[in-house]
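Asker: Pasting a structure here, questions to come.
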Amino acid sequence: MAGAKEIRTKIASIKSTQKITGAMQMVAASKMRKAQDRMAASKPYSEKMLQVISHLARATPEYRHSFMAVERPHKRVGYIVVSSDRGLCGGLNSNLFRRLVADIKEKRAAGTEPAFCTIGSKALGFFKRFGGDVKAQVTNLGDKPHIEDLIGPVKVMLDAFEAKELDAIYVASNEFVNTMTQRPMIRQLVPIIGEEQAAMPYHWDYIYEPDARTVLDALLTRYIESLVYQAVVENGACEQASRMVAMKSASDNAGDLIGELQLVYNKARQAAITQEISEIVSGAAAV
Amino acid sequence: MAMTIHVDIVSAEGAIHSGQAAMVYATAELGEVGIAPRHTAFISRLKPGDVRVENEHGEQEHFYVSGGMLEVQPHVVTVLADTAIRARDLDEAAALDAKRRAEEALAGHTAQFEYAKAQAELAEAIAQLRAIEKLRKMKG
């Protein structure tokens, strides 16, 4: 009966693993809902800002901020890589890095050098292993990321852009399609790709305090920060969704495994009983 | 009915207030401003301080903003509030901090991105994920 006992311990250990993954799945589900709410809450701010910015851009055509300038040839580009802080979330981060690596390869073929800014410890770990010019990083944002934590890293990249050390800045993060699907995306952040808007029906302009330039500068920085913040929040929702799915399949797998082991255990027990009986019977016959 | 103006106070992390008001007071960069309905289009930076929203009955609601932008159109006032205290030197400090953290975390690593190594590891991770998927399908 040595086998039966071992199997029993194994089943018990898998059962406790299943309990953990089940709990993680439920935690991820509730966190995902909150992250989605946060995603929705951050939308009005940047939409409103874009509205004001596009108005300002049209109203003061003589001043173009460098963030809105025409594209210059890309010699060096910056990536803001948004990743999760923790693992156990399926292929979320590795899918993103794979997409990023493909993009870097493409850019490098065109003679463009990349520089990075990492958000989240998984991205930092990735560049630690593989090298790369990491200009700034921030980790441990937690479930409720705050824009304060992003001001620094974003400013490093924007300063580099203004100093012409970078010719474009991209954000690499996951897009939340639905609970089952998260798509790694690389979006251009700066120069801002302006949408063509319909001509104004009549000309009007704001009264600026203190002047258009200062206002526009302050707005643009905040707008870019809010875009990065959105990417971080969206990636957070992706992380939770992805973790939920991964933990669900882990729980299912544990269930399958327990079922199989249970069968093996029953057979082993039956075999032991049969053997005992036949021993008794043959013993009795010998007497 | 008294004339009212729509007020939205939004921050990057969520909406703070939305509603009608008879008058809105805010601390703009060049001094306090009071916005009445049909105010001409106006835009300004805000200093850290109070934003007061007065409804038709003269009741005031107070909101503290740590800075931001005030945008006024004849029928809408929008306050784009900052959630953090912003100042040039504070931002600078945050940027330096982010840089320093990166340098500390990556001390001794090469600046050259090792493309081949990264791709190899990623390919392996993806292959593992695929294998798991296949196993699951075979079982299921």
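Asker: From the list A:Val245, A:Val287, which one is over 30 Å from A:Leu96 (Cβ atoms) and open to solvent by 40 Å² or more (accessible area, probe 1.4 Å)?
Answerer: The match here is A:Val287.
Asker: Got a sec? Which strands (runs of 3 or more DSSP E) wholly within segment A:72-161 have at least 1 residues that are open to solvent by 10 Å² or more (accessible area, probe 1.4 Å) and within 10 Å of chain B (Cβ to nearest Cβ)? So that I can check it myself, show each step before the final result.
Answerer: Details: elements: A:76-82, A:113-119, A:134-138.
Fully inside segment A:72-161 and qualifying: A:113-119, A:134-138.
Asker: Would you say B:Ala22 is small (Gly, Ala, Ser) and open to solvent by 10 Å² or more (accessible area, probe 1.4 Å)?
Answerer: Against the criterion (small (Gly, Ala, Ser) and open to solvent by 10 Å² or more (accessible area, probe 1.4 Å)), B:Ala22 qualifies.
Asker: Report whether or not B:Glu59 is open to solvent by 50 Å² or more (accessible area, probe 1.4 Å) and either under 21 Å from A:Phe116 (Cβ atoms) or in contact with a Lys or Arg (Cβ under 7 Å, 6 or more places away or on another chain) (or both).
Answerer: No; evaluated as a whole, the condition is false for this residue.
Asker: Next question, about the same structure. In the set A:Ser54, A:Ser42, A:Ser46, which member is modelled with pLDDT of 85 or more, surrounded by 15 or more Cβ atoms within 10 Å (Cβ to Cβ) and closer than 27 Å to A:Ala160 by Cα? Break it down into steps so the answer makes sense when it comes.
Answerer: On the way: A:Ser54 fails: modelled with pLDDT of 85 or more; A:Ser46 fails: modelled with pLDDT of 85 or more.
On inspection, the qualifying residue turns out to be A:Ser42.
Asker: Tell me, yes or no, whether segment A:224-239 has at least one residue that is open to solvent by 40 Å² or more (accessible area, probe 1.4 Å) and either more than 12 Å from the chain's Cα centre (by Cα) or at pLDDT 85 or above (or both).
Answerer: Yes; the residues of segment A:224-239 include at least one that is open to solvent by 40 Å² or more (accessible area, probe 1.4 Å) and either more than 12 Å from the chain's Cα centre (by Cα) or at pLDDT 85 or above (or both).
Asker: I'd like the full set of residues that are open to solvent by less than 40 Å² (accessible area, probe 1.4 Å) and within 12 Å of chain A (Cβ to nearest Cβ), limited to segment B:27-41.
Answerer: B:Thr27, B:Ala28, B:Gly31, B:Val33, B:Ile35, B:Ala41
Asker: Moving on to the next point. Looking at the structure I just gave you, is A:Arg8 farther than 30 Å from A:Asp217 by Cβ, without any contact (Cβ under 8 Å) to a residue 24 or more places away in the chain and touching a helix residue (DSSP H, G or I) at 6+ places or on another chain (Cβ under 9 Å)?
Answerer: Spelling it out, it is not the case that A:Arg8 is farther than 30 Å from A:Asp217 by Cβ, without any contact (Cβ under 8 Å) to a residue 24 or more places away in the chain and touching a helix residue (DSSP H, G or I) at 6+ places or on another chain (Cβ under 9 Å).
Asker: Right, something else. Before we move on, is A:Gln262 in contact (Cβ under 8 Å) with a residue 24 or more places away in the chain and assigned to a helix (DSSP H, G or I)? Lay out the reasoning, then the answer.
Answerer: Details: in contact (Cβ under 8 Å) with a residue 24 or more places away in the chain: yes; assigned to a helix (DSSP H, G or I): yes.
When the stated conditions are applied, A:Gln262 passes them.
Asker: Now for a different question. Checking A:Tyr170 against (1) away from every other protein chain (no Cβ under 14 Å); (2) within 22 Å of A:Glu71 (Cβ to Cβ); (3) surrounded by fewer than 17 Cβ atoms within 10 Å (Cβ to Cβ), which test does it fail?
Answerer: Against the list (1) away from every other protein chain (no Cβ under 14 Å); (2) within 22 Å of A:Glu71 (Cβ to Cβ); (3) surrounded by fewer than 17 Cβ atoms within 10 Å (Cβ to Cβ), A:Tyr170 comes up short only on (3).
Asker: Suppose we filter A:Thr139, A:Thr181, A:Thr118 for residues that are of a type in the set (S, T, N, Q), within 17 Å of A:Val228 (Cα to Cα) and free of Cβ contacts under 8 Å to residues at least 40 places away in the same chain; which single one remains? Walk me through it before giving the result.
Answerer: Working: A:Thr139 fails: free of Cβ contacts under 8 Å to residues at least 40 places away in the same chain; A:Thr181 fails: within 17 Å of A:Val228 (Cα to Cα).
Just one listed residue meets the conditions, A:Thr118.
Asker: If a residue must be open to solvent by less than 70 Å² (accessible area, probe 1.4 Å) and over 28 Å from A:Leu100 (Cα atoms), how many such residues does segment B:82-140 contain?
Answerer: Of the residues in that region, 7 qualify.
Asker: A follow-up question, please. Please verify whether segment A:41-51 includes one or more residues that are of a type in the set (Phe, Trp, Tyr), in contact with a Leu (Cβ under 6 Å, 6 or more places away or on another chain) and in a helix (DSSP H, G or I).
Answerer: Among the residues of segment A:41-51, not one is of a type in the set (Phe, Trp, Tyr), in contact with a Leu (Cβ under 6 Å, 6 or more places away or on another chain) and in a helix (DSSP H, G or I), which makes the answer no.
Asker: May I pose another question? Please pick out the residue among B:Leu70, B:Leu46, B:Leu80 that is more than 8 Å from chain A (Cβ to nearest Cβ), in contact with a strand residue (DSSP E or B) (Cβ under 9 Å, 6 or more places away or on another chain) and touching a residue at least 40 places away in the same chain (Cβ under 8 Å). Steps first, answer last, please.
Answerer: Working: B:Leu46 fails: touching a residue at least 40 places away in the same chain (Cβ under 8 Å); B:Leu80 fails: more than 8 Å from chain A (Cβ to nearest Cβ).
Going through B:Leu70, B:Leu46, B:Leu80 in turn, just one is more than 8 Å from chain A (Cβ to nearest Cβ), in contact with a strand residue (DSSP E or B) (Cβ under 9 Å, 6 or more places away or on another chain) and touching a residue at least 40 places away in the same chain (Cβ under 8 Å): B:Leu70.
The values are calculated or read from the model by the stated rules, or taken from the named source; none is laboratory data. These numbers come from a predicted model, not from an experiment. All Cβ positions, glycine included, derive from the backbone under ideal geometry; neighbour counts span all protein chains shown. For the accessible areas, the whole protein counts, side chains as well, though only heavy atoms, and no ligand, DNA or RNA atoms are used. Shrake-Rupley method; radii C 1.70, N 1.55, O 1.52, S 1.80 Å.
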